[in-house]
Number of protein chains: 2
Amino acid sequence: MTLLELATKARDVKYTVAALSTEDKNSAIMSVADALEANASDIISANAIDMKNGETKGLSQGLLDRLKLDESRIKGIADGLREIVKLDDPIGQITEEFERPNGLKIKKRLVPIGVVGVIYEARPNVTADVFGLCFKTGNAVILKGGSDALESNKAIVKVIKSALEKGGYPVDAITLIDDTSRETAKEMMRLNGYIDVLIPRGSAGLIKSVVENASIPVIETGSGNCHIYVDHDADIDMAIDIIVNAKTQRIGVCNAAESLVVHEDIAASLLPKLNKALREKGVQIFADAKAKALMEGSEDATEEDFAKEYLDYIISVKTVSSVEEAIEHINKYNTGHSEAIVTNDEKNADKFLEGIDAACVYVNASTRFTDGFEFGFGAEIGISTQKLHARGPMGLLALTSYKYTIFGNGQIRK
Amino acid sequence: MTLLELATKARDVKYTVAALSTEDKNSAIMSVADALEANASDIISANAIDMKNGETKGLSQGLLDRLKLDESRIKGIADGLREIVKLDDPIGQITEEFERPNGLKIKKRLVPIGVVGVIYEARPNVTADVFGLCFKTGNAVILKGGSDALESNKAIVKVIKSALEKGGYPVDAITLIDDTSRETAKEMMRLNGYIDVLIPRGSAGLIKSVVENASIPVIETGSGNCHIYVDHDADIDMAIDIIVNAKTQRIGVCNAAESLVVHEDIAASLLPKLNKALREKGVQIFADAKAKALMEGSEDATEEDFAKEYLDYIISVKTVSSVEEAIEHINKYNTGHSEAIVTNDEKNADKFLEGIDAACVYVNASTRFTDGFEFGFGAEIGISTQKLHARGPMGLLALTSYKYTIFGNGQIRK
């Protein structure tokens, strides 16, 4: 089938999916979860083809690890779907209600977006996660995964569709585009009237391509050049714990810290001790002159270092003489994701919260908490780094729109 | 100055505008309102040049009327700004607050979007309105008006900037791009990192161009192929009043009705009488076979008629045999703006409210109420016909984003 035929099917089914009751949606998701476990061996066989191709192609160990599926990972995927079932269904909720002087009664009601498009790379678990989140919110979903995971994705979608069919639910609620070419991706980005929103998940390059080429609305996700700022008055041990956690607990994720900003008044008491703690974790340090003098073995930081999302055991360090300078530096280099201040100074904490332009601004905590699960949303479709529609961790609500329903008794406009 | 230099100034001032107190913002808007009235003669002189050029160029009477400024219209613009002063400032409001089991306290706080770009056509009043709405919400604004209104816009922006300067407020809070070429418009649509959202206001052609070319997030506004559906059981007089109002009270606006859908059971009692009422207003009718037989003087409707936003004294008529068929027809042809059912049947009203995919869905009222003022928002930046971020009439809230502020006491991720 051509992309346009697939997209037409998704568009044509969207009102059917939107009209499903919460009970039906939950029961369909449960049966999909069971079917994924029951058909684990088929999925693992398909995944083995992807893994073999990936090894031949020389994919990195990190990518191969993300690609790999086994019994326990499939159980994890199924359990993730079961968690989605437990969440409240936002669809149909009335979020505002007011009456006008002319007697019109206006209600704002949450509705599905319609058709959600997702372009992602080599993580087959995304396929089931995204289906669960979109189906729970009454959206049809059209997926374009990376070529490296094509066989795995096909197997997963086959199981999902067959479970939907068995239960009498609309099978076109999920569509996988099996042409993984870039041309098809670009065509997908311009399907106005078919796809209502496009969410790219993956590398900075993928996201940039979507932002530049899409004519359908996009929710930009992902890249995080996150900073930890240690203020003039801060608990040194807390600062070190937070920095080491934010930098090294998991290096390849968007909420990991990439840059440290330090008030010059605390530099001498913080940096040598921090240097030791980071070295123990194998972290390489690029620092400005003042910080370099206090951190043995560190190298000179360039402007480029301050702008870089390393996603590696590397951190940059910048010293400043005030919280204002820290805010200015961070707002210049950050990507609108997550920023933290470590301080005992309430006034400076307020200034930081007020002045920093990012989805999540922390006082005395690690940036690693920017995550749908950690926020208590139960699940996550991604982390938005743009300001429209949704910002920060996106749960089910980010997959909803609203409409106004207006009740009258014959009102006309004078 | 080049576009990039102008956009850089807007971007550089955004945090200053964002940090202004409600009091400062209101006082600045009041002084702008006063300055516009005090400098009315300068603005009218500049407008006279636009009017003369427009007449030479042969602009339509309708466009010339929208372009024209006089003392009373300038007073209207100033009063509009004073109304914005009276509205609650959403910035800084906490819309959600919750605590996680690990002790993190999370607050969701409304913040400005940053730099709002607006591309519009020959209505100089938009210049001041948009400034007022954006400034009230702590946003910097960068405006690109049409060439037909250039002198008027320059004069208005000059007065605004000079009033801001006098009061010690940031003059770059408003920027007018005085190069009205299409190339510059296209360049503006791709200023990622400078402009945070782009709102096009004007013709369908302008909006289409923005949607197709922009890489920065867009809020699509405008076109409305609005329907009135008269159900099998409806009050005939109410139906006629609503249809005549929605079609003829103001023909050139997006919330005017363009198409009528009628249940076949009520067609014989409704249509001849309605025909007479519409004819009296000079409305031309394109109808399907069943309706045509009941509406003397009407012509055959084509598929194209059902898809057309006439913005004129013309309406199309379609008969259906059920509310379900009406919903399907409307969802096929509507533009997601405003749709109404006239009915005494509560069940069908519910089906219609549930099934119709549009920003505003009415029961027994005219579609003409889709408007920020009519909804009680006090002002309006436009009417969104997309589903992301804002849908329907957009007031101050549509010009806000949010950030999460998170308070901890040393939490790190396990």
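The values are calculated or read from the model by the stated rules, or taken from the named source; none is laboratory data. No experiment lies behind these values; they were computed from the predicted model shown. As a convention, Cβ positions derive from the backbone with ideal geometry for all residues, glycine included, and neighbour counts pool all protein chains shown. Accessible surface is based on the protein model in full, side chains and every heavy atom, while ligands, DNA and RNA are left aside. Shrake-Rupley method; radii C 1.70, N 1.55, O 1.52, S 1.80 Å.
Assuming R0 = 51 Å, what is the FRET efficiency of residue A:79 and residue B:68, from their Cβ-Cβ distance, to the nearest 0.05?
Details: r = 66 Å, r/R0 = 1.30.
So the FRET efficiency works out to roughly 0.15.
Please express the Cα-Cα pair-distance distribution P(r) of region A:15-124 as a list of whole percents, one per 5 Å bin, running from 0 to the bin with the greatest distance.
P(r) for region A:15-124, in whole percents per bin: 2, 10, 13, 14, 15, 12, 10, 8, 6, 4, 3, 2, 2, 1, 0.
Between helix A:22-38 and chain A, what is the angle of the helix's C-alpha long axis to the longest principal axis, kept within 0 to 90° and rounded to the nearest 10?
80 degrees
For region A:226-369, take N as its residue count and report Rg(C-alpha) divided by 2.2 N^0.38 Å. Mind showing how you got there, number by number?
Working: Rg = 13.1 Å, N = 144, 2.2 N^0.38 = 14.5 Å.
With N residues counted in region A:226-369, Rg over 2.2 N^0.38 Å equals 0.90.
Going Cα to Cα from residue A:57, which aspartates and glutamates come in below 13 Å? Please leave out same-chain ones fewer than 8 positions away.
A:148
With each pseudo-label sitting 7 Å past Cα toward Cβ, what's the residue A:4-residue B:96 distance in nm, one decimal?
That separation, rounded to one decimal, is 4.0 nm.
May I ask you to compute the full-extension gain from residue B:279 to residue B:12, defined as 0.36 nm times their residue separation minus their alpha-carbon distance, rounded to one decimal in nm?
Details: separation 267, 0.36 × 267 = 96.12 nm, distance 5.69 nm.
Length difference between fully extended and current span is 90.4 nm.
Suppose accessible area is computed on protein heavy atoms with a 1.4 Å probe; arrange A:290, B:351 from highest to lowest. All intermediate terms of the calculation are to be shown ahead of the outcome.
Values: A:290 115, B:351 90 Å².
Reading off the accessible areas and sorting them downward yields A:290, B:351.
Going through the cross-link list A:351/B:86; B:186/B:318; B:107/B:158, which pairs have a Cα-Cα distance over 30 Å in this structure?
Values: A:351/B:86 28 Å; B:186/B:318 40 Å; B:107/B:158 40 Å.
The answer is B:186/B:318; B:107/B:158.
Helix A:150-166 against the longest principal axis of chain A: what's the angle in degrees, Cα atoms only, rounded to the nearest 10?
It is inclined by approximately 40 degrees.
Need one number: the % of Cα-Cα pairs in the protein assembly as shown sitting beyond the 33 Å mark.
Working: 198568 of 342378 pairs.
Everything past 33 Å amounts to 58 percent.
Using a 7 Å offset from Cα along the direction of the beta-carbon, what are the separations from residue A:86 to the same position in each other copy, nm, ascending?
Shortest to longest, the spacings are 5.0 nm.
Near the axis that takes chain B to chain A, which B residue has its beta carbon closest, and at how many Å?
With distances in whole Å, chain B gives B:389, 2.
Report the net charge of residues surrounding residue A:276, where surrounding means a beta-carbon distance below 15 angstrom and charges are Lys +1, Arg +1, Asp -1, Glu -1. Show your work: numbers first, answer last.
On the way: positive: A:247, A:273, A:279, A:281; negative: A:237, A:241, A:280, A:296.
Net of charged neighbours comes to 0.
With springs only between Cα atoms under 10 Å, which of B:216, B:29, B:266 fluctuates most in a Gaussian network model of chain B?
B:266
Kindly give the distances from residue B:414 to its copy-mates, label point to label point, with each label point 7 Å from Cα along Cα→Cβ, as nm values to one decimal ordered shortest first.
Going from nearest to farthest copy, the values are 6.5 nm.
With Cβ to Cβ distances under 15 Å as the rule, what net charge do the other residues near residue A:21 carry (K, R +1; D, E -1)? List each step's numbers first, then the result.
Working: positive: A:25, A:136, B:351; negative: A:23, A:24, A:88, A:89, B:350, B:354.
Every neighbour counted, the sum reads -3.
With labels modelled as points extended 7 Å from the Cα through the Cβ direction, what inter-label distance (nm, one decimal) is found for residue B:344 paired with residue B:108?
Those two pseudo-labels are separated by 4.3 nm.
Between region A:253-305 and region B:167-209, how far is it from one alpha carbon centroid to the other, in angstrom?
Taking the Cα centre of each part, region A:253-305 and region B:167-209 sit 41 Å apart.
Please go through region A:332-414 and write out the chymotrypsin sites (Phe, Trp or Tyr not before Pro) that DSSP classes as loop and that have at most 16 other C-beta atoms within 10 Å.
A:373
On the protein heavy atoms, probe 1.4 angstrom, tell me the percent of accessible surface of chain B carried by carbon and sulfur.
Details: 7860 of 16150 Å².
Taking all protein chains in place, chain B shows 49 percent carbon and sulfur surface.
Chains B and A: buried accessible surface, both sides, probe 1.4 Å, rounded to 100 Å²?
Values: alone 19110 and 19110 Å², together 32300 Å².
About 5900 Å² of accessible surface is lost on pairing.
At 7 Å along the Cα-to-beta-carbon direction for both residue B:307 and residue B:88, put a label point, then send me their distance in nm to one decimal.
4.4 nm
Explain nothing, just the number: relative contact order of region A:226-369, from Cα pairs under 8 Å at least 6 residues apart, as a whole percent.
34 percent
What's the average, rounded to a whole number, of partner chain beta-carbon atoms within 10 Å of each residue's beta-carbon in A:344-355?
Working: counts 0, 0, 0, 0, 0, 2, 1, 1, 1, 6, 8, 3.
Per-residue shielding by partner chains comes out at 2.
Can you list which of the GluC sites (Glu not before Pro) found in region B:256-329 are DSSP loop residues with at most 15 other C-beta atoms within 10 Å? Display every interim value, and only then the final one.
On the way: sites: B:258, B:264, B:280, B:296, B:299, B:303, B:304, B:309, B:324, B:325, B:328; in loops: B:296, B:309.
Passing both the DSSP loop test and the Cβ count: B:296.
Quick check: the angle from helix B:71-86's long axis to the longest principal axis of chain B, C-alpha only, nearest 10 degrees?
Result, in degrees: 80.
Accessible area per residue, 1.4 Å probe, Å², for the protein assembly as shown: what's the number? If you can, show how the numbers build up before the last one.
Working: 32300 Å² over 828 residues.
Solvent-accessible surface per residue comes out at 39 Å².
For region B:74-117, what is the convex hull volume of the alpha-carbon atoms per residue, in Å³? Let's see the in-between values first.
Numbers: hull volume 3.8 nm³, N = 44.
Once divided by residue count, the hull of region B:74-117 is 87 Å³.
With each run of n ≥ 4 DSSP H residues scored as -39500 (n - 2.57), what mean residue ellipticity at 222 nm is computed for the protein assembly as shown after dividing by its residue count and rounding to the nearest 500 deg cm²/dmol?
Numbers: 30 runs with 362 residues, N = 828.
When only DSSP H runs of four or more count, the value is -13500 deg cm²/dmol.
Once you've got the GNM for chain B with C-alpha springs shorter than 10 Å, pick whichever of B:146, B:382, B:252 has the biggest mean-square fluctuation.
Result for chain B, Cα springs under 10 Å: B:252 fluctuates most.
Taking square-rooted eigenvalues a ≥ b ≥ c of the alpha carbon gyration tensor, is region A:105-209 rounded, prolate or oblate, where a/c under 1.5 means rounded and, failing that, a/b exceeding b/c means prolate? Mind dumping the intermediate values first?
Working: a/c = 2.00, a/b = 1.20, b/c = 1.68.
In terms of gyration-tensor shape, oblate.
Find every distance from the label point of residue B:272 to the corresponding label point in the other copies (7 Å from Cα along Cα→Cβ) and write them in nm, one decimal, shortest first.
For residue B:272, the inter-copy label distances come out at 10.2 nm.
Can you compute the radius of gyration and Dmax for chain A, using only the Cα atoms, both in Å?
Cα radius of gyration and Dmax of chain A are 23.9, 78 Å respectively.
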